[in-house]
1. Going residue by residue through region B:263-275, is there one that turns out to be part of a helix (DSSP H, G or I) and either aromatic (Phe, Trp, Tyr) or at pLDDT 75 or above (or both)?
2. Can you work out which of the residues in region A:96-122 that are facing chain B (nearest Cβ under 7 Å) and not in a helix (DSSP H, G or I) is farthest from the chain's Cα centre (by Cα)?
3. Looking for something touching a residue at least 40 places away in the same chain (Cβ under 8 Å), among the β-branched types (Val, Ile, Thr) and out of contact with any Leu (no Cβ under 6 Å at 6 or more places or on another chain) - is there at least one such residue anywhere in region A:14-24?
4. Report yes if A:PRO158 is within 11 Å of chain B (Cβ to nearest Cβ) and at negative phi, otherwise no.
5. What number of residues within region A:1-19 are at pLDDT below 85 and surrounded by 16 or more Cβ atoms within 10 Å (Cβ to Cβ)?
6. Among residues belonging to region A:123-158 that are outside any loop (DSSP other than H, G, I, E, B) and of a type in the set (Val, Ile, Thr), point out the one that is farthest from B:VAL89 (Cα to Cα).
7. Which of (1) within 11 Å of chain B (Cβ to nearest Cβ); (2) in a loop (DSSP other than H, G, I, E, B) is the odd one out, the single condition A:GLY40 does not satisfy?
Amino acid sequence: MSTASMSLRDVGRRYGATRALAGVTLELHAGVTGLLGPNGAGKTTLLRLLATALPPTEGQVRVLGLDPGTPAERTDIRRRLGYLPQEVGFPRGFTAFAFVDYVALLKEWTQPATRHAEVRRVLEVVGLGDLGSKRIRAMSGGQRRRVALAQALLGSPPVLILDEPTTGVDPEQRVTLRTVLAELARTSIVVLSTHQTEDVAALCERVVVLDRGQVRYDGSVTELVGRAAGRVWLADEPDPAATVSWRTGTGRYRNVAMQARADVDHVEPSLEDAYLLLRGGAAESGSTVEASL
Amino acid sequence: MTGWHLDDDALRRYVDRTDGLADGASVEQHVMSCDACRTRVNGAVQAEAAIDLAAVWSRTRDAVEVPRPSVFERLLRIVGLPPHEARMVAAASAFRGVWLIGACVLLGFATLAAVIGNGRGLWLFLAFAPIVPCLVVGSSYDPRLDPALEPELVTPYPVLLLILLRTIAVLALALPAVVLLGLVIPGLAPFVWLLPAVGFVAVVLAASTWVSPLRAAIATSCVWFLVVWRLATRAGSPETVLQARGQVVFLALAAVCFAVFVVRRRQLRQLRPWR
């Protein structure tokens, strides 16, 4: 096993009687891996396991070749980890600079001059270089999300775990953040969970689709999109044969179906189409979707 | 053009203006006739100017962006905590709001006790004074009051050290305050609250390995109120609790609970550490 990787072997996690994850086996390397799945699919639980915020109840997790179950190795992992949780609370009265500076202290940046320079760098990276002294409470939702992302980027960590990093962020900033993450992913393992399929399509070379705590798809984005070829078409009316169908801005209906159609006005499938197809199949036939596609 | 050139030390002294008058004049004479050394001097001077500019800009931004330490943080530094640890302790939201509320509640009951007099007022003070520190410690780790807990958790900073630092900070500030307030209460030694308060903080720390710290603090407070109420209705005098035998019980309670906390620290509930 390469040390510059993360791996999960038959990992499961229960919360009491509820099974959030079951039998997850993954090997993650440098690059951006996107996690897709409906609410409650287990994405956040998986990210928390990788971020050492939560132990698995079954299976084995290794991060950079280290065992997070051993206290010394867990601390070592945390030195090389950036983590953006789904929800970040900010201490009352803190400015953006003060919050990131506080997390930098916890990450062992004890020298004020280098710490302050690093805090400024990450705030610049997320486009908040001029807002360091602004109180977080007075910021917009997107700006707060970027402050939270900034703390995860401290020290350009080799492992970056991001839970919905672009929620509430405007399109212009999302493009900027994609550039930042793509640059970081040249040498780092970046795992991000999102509901934004366009972020995954633009940024990730690999996508993992989770559903009800299990991996439904693990492969390249292009392969997943390719599976929807011939199954997406536009029509003047919603097609009863379609798995999913919705009215587009042009007034025509976009139909996505499990079965390929020959006599229709086909369009280029998107990752969203492919994801919906995968999800639609899951709803119809449980775990046999991948085979049926 | 000459056959020799300035060595690095001479160049550095000349640029820094730390050479003597004669050496400086000599270097200046040489530089006027040597293109290579003139270029090196120019480069060194420009680099120095650039570094200075960067440093000045950095200091300016620090003055604007780096938040000034709060009164509480400055107090922690005065009592000897390194600046970065003082910042980590002071960052807990509990020290901003709950601490103030706790101190106000305590002051209110002290005043009430003084107004009511030596009987029921003392029981009231006895009921509330020792539990203020444990309530503040309990609220230091509640996610509703310290919402930054999740990012805190996955940093290399030892959770146990953070807990102990905050606890010690609470005790360092709460206990002298309680003692000072005790001074205005007639009829009791001001230090009699110390051991009960320490004992309850230890109970909260130990109980935090089973339930959330805030729940532990609330449960401890309820039990203490019950004990005080029973003693007040039976014994009739607060002296019963505060006799040497009672103080030994609180000391033993503190020692046992702290030992339990250290042994079971990996099971801390609220901070959700790795089990």
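The values are calculated or read from the model by the stated rules, or taken from the named source; none is laboratory data. These numbers come from a predicted model, not from an experiment. All Cβ positions, even for glycine, are placed from backbone atoms using ideal geometry, and neighbour counts span all protein chains on display.
1. Step one: list which residues in region B:263-275 are part of a helix (DSSP H, G or I), which gives B:263, B:265-267.
Those left that are additionally either aromatic (Phe, Trp, Tyr) or at pLDDT 75 or above (or both): B:263.
Scanning region B:263-275, I find at least one residue that is part of a helix (DSSP H, G or I) and either aromatic (Phe, Trp, Tyr) or at pLDDT 75 or above (or both), so the answer is yes.
2. For region A:96-122, the residue satisfying everything is A:THR110.
3. Within region A:14-24 (the criterion being touching a residue at least 40 places away in the same chain (Cβ under 8 Å), among the β-branched types (Val, Ile, Thr) and out of contact with any Leu (no Cβ under 6 Å at 6 or more places or on another chain)), the answer is no, since none of the residues qualifies.
4. Values: within 11 Å of chain B (Cβ to nearest Cβ): no; at negative phi: yes.
Here the answer is no, as A:PRO158 does not meet what is asked.
5. 0
6. Narrowing region A:123-158 to residues outside any loop (DSSP other than H, G, I, E, B): A:123-125, A:135-138, A:141-152.
In the following step, the residues that additionally are of a type in the set (Val, Ile, Thr) were identified as A:125, A:136, A:147.
On the way: A:VAL125: 28, A:ILE136: 20, A:VAL147: 21 Å.
So the residue we want is A:VAL125.
7. (1)
A quick yes/no check of all residues on (1) under 20 Å from A:ARG78 (Cα atoms); (2) surrounded by 22 or more Cβ atoms within 10 Å (Cβ to Cβ); (3) within 14 Å of another protein chain (Cβ to nearest Cβ):
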site: A:LYS134; (1), (2), (3): no, no, yes
site: A:ALA150; (1), (2), (3): yes, yes, yes
site: A:LEU154; (1), (2), (3): yes, no, yes
site: A:LEU162; (1), (2), (3): yes, yes, yes
site: A:GLY168; (1), (2), (3): no, no, no
site: A:ARG174; (1), (2), (3): no, no, no
site: A:ALA182; (1), (2), (3): no, no, no
site: A:SER188; (1), (2), (3): yes, no, no
site: A:SER193; (1), (2), (3): yes, yes, no
